[in-house]
1. May I ask you to list the trypsin sites (Lys or Arg not before Pro) in region 249-301 that are in a DSSP loop and have at most 11 other Cβ atoms within 10 Å of their Cβ?
2. What FRET efficiency comes out for the pair LEU300/GLU163, r = Cβ-Cβ distance, R0 = 35 Å, nearest 0.05?
3. Would you calculate a helix-derived [θ] at 222 nm for the chain, using -39,500 (n - 2.57) for each DSSP H run of n ≥ 4 and dividing by the full residue count, to the nearest 500?
4. For the chain, calculate the relative contact order in percent as a whole number, restricting contacts to Cα pairs under 8 Å that are 6 or more residues apart.
5. What percent do you get for the relative contact order of region 45-153 when only Cα pairs under 8 Å and 6+ apart count?
6. Full extension from LYS266 to LYS156: what is 0.36 nm times the residue separation minus their Cα-Cα distance, to one decimal in nm?
7. With point charges of +1 on the Cβ of Lys and Arg and -1 on the Cβ of Asp and Glu, referenced to the Cα centre of the chain, which listed residue (GLY234, THR313, ALA11) lies farthest in the positive direction of the dipole?
8. Using Cβ counts within 10 Å as a stand-in for footprinting exposure, how do ILE250, ILE225, ILE288, ILE59 rank, fewest first?
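Nothing in this text is a laboratory measurement; each read-out follows from the coordinates by a stated rule. Quick caveat: nothing in here was measured; it's all calculated off a predicted structure. Glycine also receives a Cβ, built like all others from the backbone with ideal geometry; neighbour counts cover every protein chain displayed.
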Amino acid sequence: MDLHEPPFLEAYKTLLHGTNLNDISNYKSSMVDKCEIPLIDLSRLNFGHLERKECMKEIIEASRKWGFFQVVNHGVSEEVLKSMKFEQMKVFRMPFGIKSQENFLNLPSRSYRWGNPSATNPKQLMWSEALHMFLPDLAKMDQHKSLRSSVEDFVKAVTPLAESLVQILAEEVNIKFSYFQHNCSANTCYLRLNRYPTCPFPSKVVGLLPHEDSSFLTILHQDNIGGLQLMKDGNWISVKPNSQALIVNIGDLFRALSNGVYTSVKHRVVAAEKVERFSVAFFYGPSIDAVIESNATPPLYRKFTFGEYQEQTLKDLKEGGDKVGLSRFLL
């Protein structure tokens, strides 16, 4: 085994012991043809009033009907994206013994994660590793300047994109953008670098479990390998990679804040079969004391703080191995 690979088989052998892999759900059996999710050219926001209104309408409709869309001419340069990919490949190539140390990259404990330690049955096994990076912690990475620089450049480019999209979506549902300015900042947003190693039984184990995001908005850059799937009309559909686009999806918090006008949908990543896959996700979210409350009548969800949402998520993961999400807060 390569020194950088996490010990998936060894860690999972107890759960897999005596299990016929044919009895585990086939993660590819329900897959339909690769789908083109809505693709929106953001340069049209600068083409005059009518073109801007039409572009905004497409963003709003995609957020209502899909919860996912792709954007091109998004303002994040190819140079920034290539640098980010190069640096994350480097960091995941480091020996597992180093990555799994408490002070890896001088980041807080549990920044580096792999697999699913909360799994209670084989259907919850994940074949992936991730590095969670809260933006205030970047200052601690003084010995890893090239990674830090690439992350900072990526965040600097993607933050105004997130803010412009949130502003458009907020205005449509009569939410003042000042709410986000007050609750969201560089101290509350974070990145997750993802790697999906090749898996010996990719049709039987998922790369990333089905879930909705714990954010207002997520912006994802993925490579050309593919593997991202989302739930649409009760079926899993596979998102066709687009090297020029970034993927945007609505998180649970915006769904609750908009009283269900915008949808957050389940998505997952299938395990890599022949080639490893990389992606980086930027989560635009609030501080833990931010209050999530819709001003619509009647409200679908009870008022809650982001901290309460996180506590419930951790409880559900510990007790059942799965994230339940926003349904816990339905009235």
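1. Details: sites: ARG255, LYS266, ARG268, LYS274, ARG277; in loops: LYS266, LYS274.
For trypsin sites (Lys or Arg not before Pro) across region 249-301 that sit outside H, G, I, E and B with at most 11 neighbouring Cβ atoms in 10 Å, the list reads LYS274.
2. Working: r = 26 Å, r/R0 = 0.74.
Here the calculated transfer efficiency is 0.85.
3. Values: 8 runs with 101 residues, N = 331.
Dividing the helical sum by the residues of the chain leaves -9500 deg cm²/dmol.
4. After rounding, I find 22 percent.
5. Values: 68 pairs, mean separation 22.9, N = 109.
Once divided by the residue count of region 45-153, the mean separation gives 21 percent.
6. Values: separation 110, 0.36 × 110 = 39.60 nm, distance 2.80 nm.
Extra length from LYS266 to LYS156 when fully extended: 36.8 nm.
7. ALA11
8. So the residues, fewest neighbours to most, are ILE288, ILE225, ILE59, ILE250.
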